[in-house]
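The values are calculated or read from the model by the stated rules, or taken from the named source; none is laboratory data. Keep in mind it's a predicted model, so treat the numbers as computed, not measured. Because the Cβ atoms are built from the backbone with ideal geometry, glycine has one as well, and the counts that use them run over all protein chains shown. Just the protein is used for accessible areas: all its heavy atoms, side chains included, with ligands, DNA and RNA removed. Shrake-Rupley method; radii C 1.70, N 1.55, O 1.52, S 1.80 Å.
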Amino acid sequence: MNDPIRSIDTKLIHAGEPRILGAVAMPIFQSATFDAAGQASYHDARYIRLNNTPNHTALNTKLAILEGGEAAIVTASGMAAITTTLLTVLATGDRVLAQRGVYGGTHGFLTNECAALGIGVDWIDANDRSSWERARGPRTRAIFVEAMTNPLLEVGDLEGVAPFARAYGLVSIIDNTFATPVNFRPLELGFDIVVHSCTKYMNGHDDIVAGVAIGSAQWVQRITHRLNHLGGSLDPHAAFLLHRGLKTLAVRVRHQNESGQRIAEFLHAHRAVERVYYAGLPSHPSHARARALFTGCAGTLSFDLVGGAAAAQTFVSRLRLPIQAPSLGGVETLVMLPALISHANLAPEERRALGVGDGLIRMSLGIESADDLIADLDHALQPLTTSRRGNV
Ligand SMILES: *Cc1c(COP(=O)(O)O)cnc(C)c1O
């Protein structure tokens, strides 16, 4: 009770701030190597690749506190966090249960690199615990899920994962990129390791690539030693930008929660829109679960237009505020067609099996005024409203 740092808003500002030489903002320590006095082992040598500069350690402390973990290790990208974590938990001969429809880079790593290393993957439906039981075998070592899937924003049976993993001695790993610790803290549900692409909401300014793995001190030390060898270390300047970006995470994400809800409702009521995917809407299959687990559903949503792929092209070309680009979670609103970008390497029937139609539009809301965004969306939808079908 005596700790003045209680809410996540205060943690973002004050947790893990070393105030070096009294500096209010964390300075950049642009030094590749440091005085070795007192070094005990290889991993303690003070060198950028060993992830122990002042910029690393300040971020690690802050990121661990934000997710409620004992420790954290910041990495050169979200993929560096995911691959290094999986390569720490899994060895040749092991198998991992992974949620169908995971992020494309994770899917590629699990199918291509893991296969080459003799690590097997069994795909599961995150909604269906019985599918986990059926897929689990004697060599299964871990279960990997995401807080919300891309691009349909589905929320799996996340409460079931940690008890299932504990019952069978598996390591539970969750990618919390889409929810952020402002909306959801999986370690509180018993997950072992949380990973993020800090490129997205955590940094929030579309100007760096970074990642993090958070969990027990023991897991984080093992992941750090693996990372020290694999080399996916964050550069001090990127660390500085992530540190700065994190300070505004709560105000950004709360704005995006509110805009997400308002814009999802606007689109849902629009006659040119066929279907909206946003877990904050009662019509979304994960609505009840998102309400139970999350503070908000953040600013990423997807939708299909009545006119399909042709209408989607017209719509996107008429937008004036959203920028057509991949990625998400930044202060600028971005829009893209997953069939042409994030899911372009899948065959059309594979995309359809994941529920990704050729006209599906994904939007990542920034922190512009929701009124301005709604006016721009309305304008872009205008030539498409003559169709007879619709939601209302
Ligand atoms: C972007 C993303 C990643 C990969 O992160 P990078 O920082 O681009 O390496 C992993 N998981 C999810 C859910 C993502 O959105």
Somewhere in the range 122-129, is a residue farther than 26 Å from residue 349 by Cα and more than 16 Å from the ligand (Cβ to nearest atom)?
-> no
Enumerate the strands (runs of 3 or more DSSP E) found wholly within the range 114-229, keeping only those where 2 or more residues are under 30 Å from residue 42 (Cα atoms).
-> 140-146, 171-175, 193-197, 211-215
How many residues, within the range 7-45, are part of a loop (DSSP other than H, G, I, E, B), modelled with pLDDT of 90 or more and either open to solvent by 50 Å² or more (accessible area, probe 1.4 Å) or of a type outside the set (D, E, K, R) (or both)?
-> 16
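Assess whether residue 88 counts as being within 16 Å of the ligand (Cβ to nearest atom), closer than 30 Å to residue 54 by Cβ, of a type in the set (Ser, Thr, Tyr) and under 21 Å from the mean Cα position of the chain (by Cα).
no
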Look at the range 91-107 and say how many of its residues are more than 11 Å from the ligand (Cβ to nearest atom) and either of a type in the set (Ser, Thr, Tyr) or part of a helix (DSSP H, G or I) (or both).
-> 1
Which residues, taken from the range 346-377, are of a type in the set (D, E, K, R) and either assigned to a loop (DSSP other than H, G, I, E, B) or open to solvent by 30 Å² or more (accessible area, probe 1.4 Å) (or both)?
-> 349, 350, 352, 358, 368, 371, 372
Cβ-Cβ under 9 Å pairs, at least 6 apart or on other chains, the range 199-220 side under 15 Å from residue 86 (Cα atoms) and outside the structural domain of residue 364 (by TED's automatic domain parsing), far side open to solvent by 50 Å² or more (accessible area, probe 1.4 Å) and among the small types (Gly, Ala, Ser) | 214/68
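Out of all the residues in the range 173-186, is one or more of a type in the set (A, V, I, L, M, F, W, C), buried (at least 19 other Cβ atoms within 10 Å of the Cβ), in the same structural domain as residue 51 (by TED's automatic domain parsing) and farther than 30 Å from residue 276 by Cα?
no
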Residue set 250, 290; condition of a type outside the set (Phe, Trp, Tyr) and closer than 30 Å to residue 23 by Cβ; output residue 250
Residue satisfying all of: in the range 318-331; in contact (Cβ under 8 Å) with a residue 40 or more places away in the chain and away from the ligand (no atom under 16 Å from the Cβ); most open to solvent (accessible area, probe 1.4 Å) among these = 320
Total residues in the range 71-85, condition out of contact with any Lys or Arg (no Cβ under 7 Å at 6 or more places or on another chain), in a helix (DSSP H, G or I) and either more than 9 Å from the ligand (Cβ to nearest atom) or of a type outside the set (A, V, I, L, M, F, W, C) (or both) = 3
Of the candidates 85, 61, the one satisfying the condition of being within 15 Å of residue 211 (Cβ to Cβ) and in contact (Cβ under 8 Å) with a residue 12 or more places away in the chain is 85
Somewhere in the range 156-168, is a residue crowded, with 19+ Cβ neighbours inside 10 Å and either within 14 Å of the ligand (Cβ to nearest atom) or under 25 Å from residue 256 (Cβ atoms) (or both)?
-> yes
Here is a list of conditions, (1) exposed (fewer than 15 other Cβ atoms within 10 Å of the Cβ); (2) over 17 Å from residue 153 (Cβ atoms), and residue 292 meets all of them except one; can you say which number that is?
-> (2)
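Condition check ((1) within 23 Å of the chain's Cα centre (by Cα); (2) among the β-branched types (Val, Ile, Thr); (3) modelled with pLDDT under 95) across all residues:
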position: 305; (1), (2), (3): no, no, no
position: 324; (1), (2), (3): yes, no, no
position: 328; (1), (2), (3): yes, no, no
position: 332; (1), (2), (3): yes, no, no
position: 339; (1), (2), (3): yes, no, yes
position: 353; (1), (2), (3): yes, no, yes
Only one of 232, 280, 296 is in a loop (DSSP other than H, G, I, E, B), closer than 28 Å to residue 84 by Cβ, in contact with a helix residue (DSSP H, G or I) (Cβ under 8 Å, 6 or more places away or on another chain) and among the small types (Gly, Ala, Ser), namely 232
